[in-house]
Every structure is written in structure tokens, then in C-alpha cells.
Amino acid sequence: MQYRNLTDTIPQGLMETNIKGAVRYANPALERMLGYELGTLTDRMYADLIPHERQRWLFLQSRSNALKGDIAPVPYEIVLA
């Protein structure tokens, strides 16, 4: 990652996933926000981080449609409570 020092130090949570939805990178701010130890989000599935079943289903539907070439978005929201 070209700007690794910047992304490691910003206070906003940032994540990068691969095409399959596995986390390739999560910055320390996001790991703190979600309550994970540093470095433990890598290789986890992004959908597994969505706490509510309905939100997880909407996200997976949207992702599935996008992978099939249907780019009409399905709205979803991730709530950190």
C-alpha cells in the first residue's frame, strides 16, 4: 500500500478487501473501533463484521449483484452500536 504510513495514523477507520470479500488491510483506527487486536482483521470476511443479519444479507445481495455485472446498488448501512 503506497500510503501505508498515512493510513496507519489517521483517526478514521479504513479497510481494503479483495474481490472475494476478505479483508486485505484494516488500519489500526478501524481495529480499535471494532474492538479487535492489531492485525487480527486481515483475512476475515468483511460480511462477518456486519453485526445485524438483515444488514449482512443486504450487503451480500449487493455484492453478488455487482459480481454478476448488475451494478444497481442495494442500500445497506453498517451500524456500530
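Tally the residues that are within 30 Å of Lys68 (Cα to Cα) and either within 9 Å of the chain's Cα centre (by Cα) or assigned to a loop (DSSP other than H, G, I, E, B) (or both), restricting the search to the stretch 3-24. Summing the residues that are within 30 Å of Lys68 (Cα to Cα) and either within 9 Å of the chain's Cα centre (by Cα) or assigned to a loop (DSSP other than H, G, I, E, B) (or both) in the stretch 3-24 gives 11. Flag not set for Leu30, criterion: in contact with a strand residue (DSSP E or B) (Cβ under 8 Å, 6 or more places away or on another chain), assigned to a loop (DSSP other than H, G, I, E, B) and surrounded by 12 or more Cβ atoms within 10 Å (Cβ to Cβ). None of Arg44, Arg54, Arg32, Arg24 is at pLDDT below 85 and basic (Lys, Arg) except Arg54.
The values are calculated or read from the model by the stated rules, or taken from the named source; none is laboratory data. Source: prediction; values computed, not measured. Note that we place each Cβ from the backbone using ideal geometry, even for glycine, and neighbour counts take in every protein chain shown.
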